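FYI, it's all coordinate maths here, none of it is from the lab. In this text the structure is predicted, and so the values were computed from the model without any measurement. Please note: Cβ atoms are built from the backbone with ideal geometry, for glycine as well, and neighbour counts cover all protein chains shown.
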Amino acid sequence: MRFRFLLLFPGLLLAACAKTDAPVRLDFIGTTTLTSGNRTVGVNDTLITRAYAVGNDNLLKRLRITVTYEPGPQPIIYPVPLSSYEPENNDPPSQTITYLDSLVTPITSTSAYRGGELLFENRFSARSTSGTEVWRYTVTDETGESASRAYRLTARKTDSAAVFHSYTARLRPVPSNQPSVAQVRDRARVFLNLRLGLLLPKYAVINNENSLSENQGLIDLIGVAGNNTVSLNAPVGATLNANWLPANRRATQLRRTTLTLENFNSAATTAAFNEAFNNGTRFTNEFSTGSLAKNQVIAFKAVGEGAEYTGLLLVSDLVLGTSPVLTCSVKVQK
């Protein structure tokens with residue numbers, strides 16, 4: 001995958017970056033609406049970072065973004081009694097995910113720098129569990145010279161000791177019949193890991209070098225839009241890029257339920273999740289919900305992170321049209 005970066009508001013960018021003689025320069029653009037430094041955030045907050053880089057000597061070649069979760073993004077399973085909890089024994093180990101690894105085509109025609117300039121906007125979701133995440137951005141030029149910047153985000157979940165994990169996910173699937181918005185489609189967060197509450201864009205799971213193939217195995221559901229509808233599909237039943245390896249396509253099972261909003265709100269145990277799944281009915285395609293509707297409750301069973309788990313997904317809001325938005329409330333077995 002290769003991104004071409006547009007240079008916007010050059011005056012603002014140059015003012016935000018200190019001059020340096022380093023071969024590669026990388027900075028975050030700082031405004032009140034952008035994330036550019038360490039901060040405390042809400043779980044599942046939508047955040048935006050704009051990274052600006054220049055190649056002082058040689059052409060910029062690659063952008064890589066990683067995120068390290070400490071502890072890991074899995075929900076913590078607290079012992080009974082709670083007083084016996086010990087972080088070193090109960091917390092999941094830290095985990096680093098490569099969020100983007102891409103060749104880049106910097107702007108050179110209007111640039112004062114021999115290696116060109118690039119501006120990348122990263123729109124992402126904070127973790128759904130308590131802990132920290134360190135986002136590191138690295139830009140490399142064609143000779144291997146690089147520059148890196150990073151920041152740390154801290155999230156606190158008030159009900160992290162509950163026996164199940166819950167969160168809200170907002171998916172923005174782009175209709176496939178809009179070929180003019182290919183880059184928007186690549187950046188839309190439509191790939192969901194149900195247990196972690198991890199929401200990824202296409203460029204976090206597919207690239208030409210297959211260096212992101214490990215992330216493909218994290219995905220339980222994919223948001224799909226078309227013909228004024230939105231559905232959720234398991235990777236095994238979806239139409240995917242050829243670079244999505246068959247071995248990495250999870251077979252998440254989906255069941256239609258008759259549960260109401262009140263039933264969803266009251267479900268609070270693994271037994272309740274299992275009962276909803278076992279009593280549910282198969283969709284026409286057991287790996288796809290078909291067209292979704294607001295307040296619909298879906299039961300699911302997935303396998304990942306070394307365990308099988310069940311849960312419920314409520315379509316808490318659904319906006320259709322040319323820019324659909326699917327908001328889901330999820331309760332899942334820890």
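Going down the table (K157/K301; K301/K331; K61/K202; K157/K202), which pairs top 18 Å between alpha carbons? Result: K157/K301; K61/K202; K157/K202 exceed 18 Å. Against the chain, whose longest principal axis is taken from its Cα atoms, helix 270-279 shows a tilt of about 70°.
For region 145-290, what's the relative contact order in percent, using C-alpha pairs closer than 8 Å and at least 6 residues apart? Reported as a whole number, the value is 19 percent. When the Gaussian network model of the chain links Cα atoms closer than 10 Å, the mean-square fluctuations of L60, L254, L320 top out at L320.
I need the shape label for region 1-161. Rule: rounded when a/c is under 1.5, else prolate if a/b > b/c, else oblate, with a, b, c from the alpha carbon gyration tensor.
The shape class here is prolate.
Relative to one another, the C-alpha centroids of region 59-102 and region 116-178 are positioned 12 Å apart. In the frame of its principal axes, region 163-334 has Cα extents of 43, 36, 27 Å, reported largest first.
Counting neighbouring beta carbons within 10 Å and listing from fewest to most, the residues L313, L59 come out as L59, L313.
Two numbers describe the Cα atoms of the chain: Rg and Dmax, which are 21.0, 66 Å. Between A22, A268, A276, find the one with the highest GNM mean-square fluctuation for the chain; connect C-alpha pairs within less than 10 Å. The residue with the greatest mean-square fluctuation here is A22.
For every helix of n ≥ 4 consecutive DSSP H residues, a contribution of -39,500 (n - 2.57) applies; sum these over the chain, divide by its total residues, and give [θ] at 222 nm rounded to the nearest 500 deg cm²/dmol.
About -2500 deg cm²/dmol.
If you count, for each residue, the other Cβ atoms within 10 Å and average over each peptide, how do 289-296, 79-86, 277-284, 189-196 line up from highest to lowest?
With the highest mean Cβ count within 10 Å placed first, the list reads 189-196, 289-296, 277-284, 79-86.
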